């Protein structure tokens with residue numbers, strides 16, 4: 001007979017549900033931000049960098065990327081008619097992964113398998 005060492009076994013079920021809810025919220029934000037033009041579709045990336053968090057706000061979740069976390073920095077080519085400098089986006093690693101997995105080209109390839 002195996003014994004559960006956790007004094008609150010119901011917490012084991014709540015944690016995955018909370019995580020699933022949070023991930024779903026991030027997915028919905030990515031779709032919403034794309035629909036309103038706040039988040040690019042991932043094309044024309046000029047540079048992709050990863051470094052220690054700067055403390056600046058993540059575009060997807062709205063929380064700061066702490067120095068203890070990896071920060072993904074995405075730089076885009078400028079639109080010559082609008083900007084002299086291309087836009088730069090800062091994201092948590094998890095938010096970047098969700099952004100990539102929710103992109104249309106990746107979703108089409110994934111659904112064929």
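The values are calculated or read from the model by the stated rules, or taken from the named source; none is laboratory data. Bear in mind that the values here come from a model prediction, so they are computed numbers and not experimental data. A quick note on method: Cβ atoms are made from the backbone with ideal geometry, for glycine too, and the neighbour counts reach across all protein chains shown.
Being touching a residue at least 40 places away in the same chain (Cβ under 8 Å) and under 14 Å from the mean Cα position of the chain (by Cα) is the filter; apply it to region 46-99 and report the residue that is farthest from residue 29 (Cα to Cα). Before you say what the answer is, go through the steps one by one.
Taking region 46-99 first, the residues touching a residue at least 40 places away in the same chain (Cβ under 8 Å) are 46, 50, 86-87, 89, 93-95, 98-99.
Next cut, under 14 Å from the mean Cα position of the chain (by Cα) only: 50, 89, 93-95, 98-99.
Details: 50: 22, 89: 15, 93: 16, 94: 13, 95: 10, 98: 10, 99: 9 Å.
Applying the filter and picking the extreme gives 50.
If the condition is being over 18 Å from residue 97 (Cβ atoms) and in a strand (DSSP E or B), then region 58-82 contributes 64, 75, 76.
Count, please, the residues in region 83-101 that happen to be part of a strand (DSSP E or B) and touching a helix residue (DSSP H, G or I) at 6+ places or on another chain (Cβ under 6 Å).
We begin by selecting, within region 83-101, every residue part of a strand (DSSP E or B); these are 88-92.
Checking the rest, the ones that are also touching a helix residue (DSSP H, G or I) at 6+ places or on another chain (Cβ under 6 Å) come to none.
Number of matching residues: 0.
Within region 42-71, the set of residues being under 20 Å from residue 32 (Cβ atoms), surrounded by 14 or more Cβ atoms within 10 Å (Cβ to Cβ) and modelled with pLDDT of 75 or more comprises 58, 59, 60, 61.
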